[in-house]
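Heads up: the structure comes next, in structure tokens.
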Amino acid sequence: MSAKNYRDKKALPLVAKLKEVVKNLTIKCVQITKQGKKLTAKVDGQQKQISRLTDKVIEQSDTIDRLQKKASNLRKQ
């Protein structure tokens with residue numbers, strides 16, 4: 001097989017296949033990167049919501065404690 005035949009029949013098709021694989025992998029990588037950024041933003045939002053809800057629970061717990069003390073004082077009177 002001559003070098004030209006080898007190039008045309010073996011090397012060029014292989015290079016074309018490799019180019020296609022690289023292109024597809026690049027597209028997948030970009031898609032996954034975008035998805036990762038979206039998920040990171042979603043996690044950040046949920047962490048903020050959890051923080052707000054935790055603060056609210058602590059506030060409600062403090063209110064319950066104060067009301068229980070008042071109820072206890074009223075029972076003593």
Picking from L74, L67, L53, L25, which residue would you name as being more than 37 Å from the chain's Cα centre (by Cα) and surrounded by 10 or more Cβ atoms within 10 Å (Cβ to Cβ)?
-> L67
V15 vs (1) surrounded by 10 or more Cβ atoms within 10 Å (Cβ to Cβ); (2) among the aliphatic types (A, V, I, L, M); (3) modelled with pLDDT under 95: all pass except (3)
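The values are calculated or read from the model by the stated rules, or taken from the named source; none is laboratory data. Given the structure is predicted, the values throughout are model-derived calculations rather than measurements. Virtual Cβ from ideal backbone geometry, glycine too; neighbours counted across all protein chains shown.
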